[in-house]
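Working notes, structure below.
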Amino acid sequence: SFLILVLSYFLIPVFYDQNLIKVRLKDQILEKFNLEVKFKNSVKYSLFPKPHFYSEDTVLYQNKDSIAKIDFTRMYIEINNFFLKDNLKIKDLIFKKSEFNVNSKNFNFFEKILNYNKNEFKINFSDSNLFYKDKHEDVIFLSKIDNLNFLYTDELEQQLIAKLNIF
């Protein structure tokens, strides 16, 4: 009976209203991480490896302009109170297979994330590509991003840890 109780506690988010969850997650991502997102598909819940919501086909915006298309987004949540959907809080963001299209006008996107992320949670981009374009939309260089982490350390410092190749 204890196992059933624990599993039912962790499965409560499955029964939340999907549209409401989309709005709450979108608002929290903007508030906590200063990232404007749009979920093109539904947001789903998964219990393993730890409780999280995920979505396919997410778009990141900066100043109403699309800056990245993301194939898979995972939003880990705090497990302290699932009974109240208003208290649902995002811990970490994982973006996989992102395609960044940046130029001189929006290249400061990464700096804004680094300077804004002043909490114990992290943002991770993996298996991504960055296309830097000139004013004529010609690609100047391409960067293959294996791993890009934005985090706030225990010493109260912002850090950006990256593993990438530039072509």
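Remarks
- Each residue of region 21-26 was assigned a 3J(HN,Hα) from its phi angle through the Karplus expression (A = 6.51, B = -1.76, C = 1.60, θ = phi - 60°), giving 5, 4, 5, 5, 5, 4 Hz with x at Gly and Pro.
- Rounded accessible area per residue of region 2-151, 1.4 Å, Å²: 56 Å²
- Average projected area [Cα convex hull, region 2-70], square nanometres: 5.4 nm²
- Accessible-area rank, largest first, for Thr73, Thr153: Thr153, Thr73, with all protein chains present and a 1.4 angstrom probe.
- Relative contact order (percent, whole number), the chain, Cα cutoff 8 Å, 6+ residue spacing: 15 percent
- Apportionment of accessible area to carbon and sulfur, the chain, percent (1.4 Å): 53 percent
- Beta bridge orientation in region 52-134: antiparallel %, DSSP, nearest 5: 70 percent
- Computed over region 10-70: relative contact order in percent, which uses C-alpha pairs under 8 Å that are six or more apart: 26 percent
- Annotation: Cα Rg of region 27-122 relative to the compact-globule expectation 2.2 N^0.38 Å equals 1.11.
- Phi to ³J(HN,Hα) by Karplus 6.51 cos²θ - 1.76 cosθ + 1.60 over region 37-43, Hz, x for Gly, Pro: 10, 9, 8, 6, 10, 5, 9
- Unit charges on C-beta of K, R, D, E only; dipole of region 1-149, Debye: 200 debye
The values are calculated or read from the model by the stated rules, or taken from the named source; none is laboratory data. Since the model is a prediction, treat every value here as computed from it, not as a measurement. Quick reminder, even Gly has a Cβ in these numbers, built from the backbone with ideal geometry, and neighbours come from all protein chains shown. The area values use the complete protein model at the heavy-atom level, side chains included, leaving out ligands, DNA and RNA. Shrake-Rupley method; radii C 1.70, N 1.55, O 1.52, S 1.80 Å.
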